[in-house]
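Asker: My questions all concern the structure below.
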Amino acid sequence: MNIIEIISKKRDRENLNKEEIEYFIKEYTNGNITDYQAAALVMAIYINGMNDEEITNLTLAMAHSGEMLDLSAFGKNVVDKHSTGGVGDKVTLILAPIIASFGIPVAKMSGRGLGFTGGTIDKLESIPGYCTDISIEEFIENVKNIGISLIGQTLNLAPADKKIYALRDTIACTDSIPLIASSIMSKKIAAGANKIVLDVTCGSGAFMQNYEDAKKLSETMNKIGKLAGKETVCVLTNMEEPLGYAIGNNLEVIEAVEFLKQDMPEDVKQVVLELGAYMIKLAGFGENIEENKQKILEKIKTKEAYEKLLQLVENQGGDTSYLENTDKFAKAKYILEVKAKQDGYIYSIDARKVGELSGKLGAGRLRKEDPIDETVGIVLNKKVSDFVKQGEVLAYVHANDENQASSAVKKLQEIYKIQENKIEKPKAILGVIL
Ligand code: URA
């Protein structure tokens, strides 16, 4: 077997067998296949596609290309949750303590933000003292002791995906369903869970820009999950406008903490309840989705979920006084109002543009090693379908540079689209693919 034969097969629209796929992944990860050969094969996959068996073999080969986390000590129903990425997505910060408050183990590795999307690890690190870089032994010990731990990518999970993902970025091959599905599922499989709930975002601030593509991606990931013996549920969520009101690291932590104190923006609430209800079901803690949602609301009302967050933060060295009083979080130097130029109904707040703007203010990074500014970002005051009067505040810009702040105000005035006609509140949940 050699890589040239494998490339020609895919170029000629033939299916690759398991051995060929495993050979490619192993040798590319080891550096024995060049980037230009891998690029040729990835492009052939992009153009000619893969069938379900090929996608599953690719996923499993990538999952096994590095370390595999063993979470079997926590039982046979270990549930993980993952989002395909978005703007203002603080759902993990809210959902992880909720799930742990049911006694369901939460052992989660999360990523950092890149490009216009944020990352849970950056957000957690804006809580003074919180340590995301602990050993795997400590991570497992924490879950045994208090039922929850959230950390960064300590292990070398799915290194083949890291190489292929970086390559895809440079050869215009990011938006391919087989490649996205195998990339996401390989990491989830390597992360040790055997039940997976996926938040498949859909809209301007997501990889999948329309419902049909999001549905296709979900169906593909469900099939991979089934063939790999990991029950998978995909919840399709709206990412046309940012989720919730806050975009930026400590601003999102504040929104997440206040959520657990019962100040719940409606769209965030819908997403948390839907994903959470399926996580509870897959964990074997309740068959009925609507009843599970009520149980979640009860955990919030009784403050059990909030108490679990305090326990998590304290256990990983974080200063919980910041959660008790979120006014303690450091603030940006300039907080400027963005005012409406006309009366009317808001019909669009492009999530991607808001994410990019927040990133430029310093909340995001272009390269992995770039530093981020925890204090900056954008807080929306109005969402799609809200009515505004001319001069009313649409949003607030939080910035540490005066020029950047005033430029962001102008940009946000353009990003907010206002019309005379009333429009319906957009749905937060677009569908569930079982
Ligand atoms: N997220 C991933 O991890 N991989 C992709 O290819 C797309 C989104």
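Asker: Given the condition over 30 Å from residue 40 (Cβ atoms), in contact with a Leu (Cβ under 8 Å, 6 or more places away or on another chain), away from the ligand (no atom under 16 Å from the Cβ) and of a type in the set (D, E, K, R), answer yes or no: does some residue in region 126-133 qualify?
Answerer: Start the filter on region 126-133 by keeping residues that are over 30 Å from residue 40 (Cβ atoms), which leaves 126-133.
Restricting the remaining residues to those that are in contact with a Leu (Cβ under 8 Å, 6 or more places away or on another chain) gives 127, 130, 132.
Going one step further and asking which of them are away from the ligand (no atom under 16 Å from the Cβ), we end up with 127, 130, 132.
So of that shortlist, the ones also of a type in the set (D, E, K, R) come out as none.
Taking every residue of region 126-133 in turn, none turns out to be over 30 Å from residue 40 (Cβ atoms), in contact with a Leu (Cβ under 8 Å, 6 or more places away or on another chain), away from the ligand (no atom under 16 Å from the Cβ) and of a type in the set (D, E, K, R).
Asker: Might you check whether a residue that is under 24 Å from residue 80 (Cβ atoms) and out of contact with any helix residue (DSSP H, G or I) (no Cβ under 9 Å at 6 or more places or on another chain) occurs anywhere in region 251-270?
Answerer: Yes, the conditions are met somewhere in region 251-270.
Asker: List the pairs whose first member sits in region 105-123 and is over 24 Å from residue 189 (Cβ atoms), whose second member is away from the ligand (no atom under 13 Å from the Cβ) and basic (Lys, Arg), and whose Cβ atoms are under 6 Å apart, counting only residues at least 6 apart or on separate chains?
Answerer: Partner pairs satisfying both residue conditions: 116/352.
Asker: Are any of the residues in region 326-340 of a type in the set (Lys, Arg), in a strand (DSSP E or B) and surrounded by fewer than 19 Cβ atoms within 10 Å (Cβ to Cβ)? Spell out how you get there, then give the answer.
Answerer: Taking region 326-340 as the starting set, the residues that turn out to be of a type in the set (Lys, Arg) are 328, 331, 333, 339.
Okay, now just the ones that are also in a strand (DSSP E or B), so 339.
So of that shortlist, the ones also surrounded by fewer than 19 Cβ atoms within 10 Å (Cβ to Cβ) come out as 339.
Yes, there is a match, as at least one residue in region 326-340 is of a type in the set (Lys, Arg), in a strand (DSSP E or B) and surrounded by fewer than 19 Cβ atoms within 10 Å (Cβ to Cβ).
Asker: Given the residues 276, 248, 244, which is the only one that is of a type outside the set (Val, Ile, Thr), touching a Ser or Thr at 6+ places or on another chain (Cβ under 6 Å) and crowded, with 22+ Cβ neighbours inside 10 Å?
Answerer: Checking each option against the conditions leaves just 248.
Asker: Next question, about the same structure. In region 201-220, which residues are under 17 Å from the mean Cα position of the chain (by Cα) and more than 19 Å from residue 52 (Cα to Cα)?
Answerer: Once the filter is applied, which keeps residues that are under 17 Å from the mean Cα position of the chain (by Cα) and more than 19 Å from residue 52 (Cα to Cα), region 201-220 yields 201, 202, 203, 204, 205, 206, 207, 208, 209.
Asker: Something else: Given the conditions (1) over 20 Å from residue 352 (Cα atoms); (2) not in a strand (DSSP E or B); (3) not hydrophobic (A, V, I, L, M, F, W, C), and given that residue 241 satisfies all but one, which numbered condition is not satisfied?
Answerer: (1)
Asker: Would you say residue 254 is within 16 Å of the ligand (Cβ to nearest atom), surrounded by fewer than 24 Cβ atoms within 10 Å (Cβ to Cβ), β-branched (Val, Ile, Thr) and outside the structural domain of residue 386 (by TED's automatic domain parsing)?
Answerer: Values: within 16 Å of the ligand (Cβ to nearest atom): no; surrounded by fewer than 24 Cβ atoms within 10 Å (Cβ to Cβ): yes; β-branched (Val, Ile, Thr): yes; outside the structural domain of residue 386 (by TED's automatic domain parsing): yes.
No: the conditions fail for residue 254.
Asker: For region 125-139, how many residues are part of a loop (DSSP other than H, G, I, E, B) and free of Cβ contacts under 8 Å to residues at least 40 places away in the same chain?
Answerer: Of region 125-139, the ones part of a loop (DSSP other than H, G, I, E, B) are 126-135.
So of that shortlist, the ones also free of Cβ contacts under 8 Å to residues at least 40 places away in the same chain come out as 133, 135.
Residues in region 125-139 being part of a loop (DSSP other than H, G, I, E, B) and free of Cβ contacts under 8 Å to residues at least 40 places away in the same chain: 2 in total.
Asker: Let me ask another. Of the conditions (1) more than 22 Å from residue 148 (Cβ to Cβ); (2) open to solvent by 10 Å² or more (accessible area, probe 1.4 Å), residue 230 fails just one. Which one is it?
Answerer: Among (1) more than 22 Å from residue 148 (Cβ to Cβ); (2) open to solvent by 10 Å² or more (accessible area, probe 1.4 Å), residue 230 violates only (1).
Asker: Next question, about the same structure. Could you grab me the full set of residues in region 160-171 that are open to solvent by less than 20 Å² (accessible area, probe 1.4 Å) and away from the ligand (no atom under 12 Å from the Cβ)?
Answerer: If the condition is that a residue be open to solvent by less than 20 Å² (accessible area, probe 1.4 Å) and away from the ligand (no atom under 12 Å from the Cβ), then 160 is the only one that fits.
Asker: So the check is Cβ under 7 Å with 6+ separation or different chains; which pairs have a first residue in region 177-200 that's farther than 18 Å from residue 107 by Cβ and near the ligand (Cβ under 10 Å from one of its atoms) and a second one that's aromatic (Phe, Trp, Tyr) and assigned to a helix (DSSP H, G or I)?
Answerer: 179/46; 183/165
Asker: Select from region 201-219 the residues that are in a helix (DSSP H, G or I) and crowded, with 24+ Cβ neighbours inside 10 Å and write down the one among them that is nearest to the ligand (Cβ to nearest atom). Give the derivation first.
Answerer: Going through region 201-219, the residues in a helix (DSSP H, G or I) turn out to be 211-219.
Remaining after also requiring crowded, with 24+ Cβ neighbours inside 10 Å: 214, 217-218.
Values: 214: 12, 217: 9, 218: 13 Å.
Across region 201-219, the extreme among qualifying residues is 217.
Asker: Out of 346, 372, 378, 300, report the one residue that is in a helix (DSSP H, G or I), of a type in the set (Val, Ile, Thr) and open to solvent by less than 70 Å² (accessible area, probe 1.4 Å).
Answerer: Details: 346 fails: in a helix (DSSP H, G or I); 372 fails: in a helix (DSSP H, G or I); 378 fails: in a helix (DSSP H, G or I).
On inspection, the qualifying residue turns out to be 300.
The values are calculated or read from the model by the stated rules, or taken from the named source; none is laboratory data. Keep in mind that what you see is a predicted model, and the values were worked out from it rather than measured. A quick note on method: Cβ atoms are made from the backbone with ideal geometry, for glycine too, and the neighbour counts reach across all protein chains shown. Protein only, heavy atoms only, side chains kept; ligands, DNA and RNA dropped before computing areas. Shrake-Rupley method; radii C 1.70, N 1.55, O 1.52, S 1.80 Å.
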